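Derivation of every value follows stated rules applied to the coordinates shown; laboratory data play no part. Small disclaimer: the values here were computed from a predicted structure and weren't measured. When we count neighbours, we look across all protein chains shown, and the Cβ atoms used for this are built from the backbone with ideal geometry, even at glycine.
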Amino acid sequence: MLKKIVAVAVVLVLAGSFGACKKKEEKPQVPPGHPSMEGGMPPAGMPPAGMPAVQKVDRQVVVPKEVAAKWTAVKLNIEDKAAKSKKDYVVNVGSEIAVPNTQMKIKVLAFLPDFRMGDKDITSASDKPNNPAAQIAVQEPGKEEWKGWLYSMHPGIHPYQHEKVAITLVGGVSK
């Protein structure tokens, strides 16, 4: 009999403790003017609620005279992914090259041996090859032109993406 009374008492204590723990969850308080936290994270590519969309800034490319006088060409490595072959090509700044076995053309727009990006411009901090970068344009019939920067020391940053060809900057070619 004593065991039944103890068992009933334990059940009542446990039932009471579970009932007491059911507090109403309150939403966290946010400071005035803070965007609502309801709805979770925004979809990929969208800025968080209340945050402005980041606009692409068009920066002017400024090639210092001493850089233009010293660095006249770039060396590009072009890989044919299907043939599993690579070859280096020297291309003068302002010139273009036809990519073998394709209808693609690569034009070298600028070379900066010490790439630096500012608020309004992209330039070279010196004529020394501390951070070499080449701005190129890739044209292929039926496709939108790709224009971007290749970095010899950081080839994985914004690389040119193509199913048949890979393009990397080996470096600049000085006079």
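Pairs of Cα atoms in the range 60-174 fall into 5 Å distance bins, from 0 up to the last occupied one, in shares of 2, 12, 23, 26, 19, 10, 6, 2, 0 percent.
Here the spin labels are modelled as points 7 Å beyond Cα on the Cα-Cβ line, and at Asn101 and Arg116 they lie 4.2 nm apart. The length gained by stretching the chain between Ile157 and Val90 to full extension, at 0.36 nm per residue less their Cα-Cα distance, is 21.9 nm. Ordered by the count of other Cβ atoms within 10 Å of each Cβ, fewest first, Asp114, Asp119 give Asp119, Asp114. Taking 0.36 nm per residue of sequence separation and removing the Cα-Cα distance, the Asn130/Lys143 pair yields an extension gain of 1.3 nm.
What is the sum of charges, Lys and Arg at +1 and Asp and Glu at -1, for the other residues whose Cβ falls under 14 Å from the Cβ of Gly172?
In short, 0.
Annotation: peptides 63-70, 128-135, ranked by per-residue average of other Cβ atoms within 10 Å with the highest first, follow the order 128-135, 63-70.
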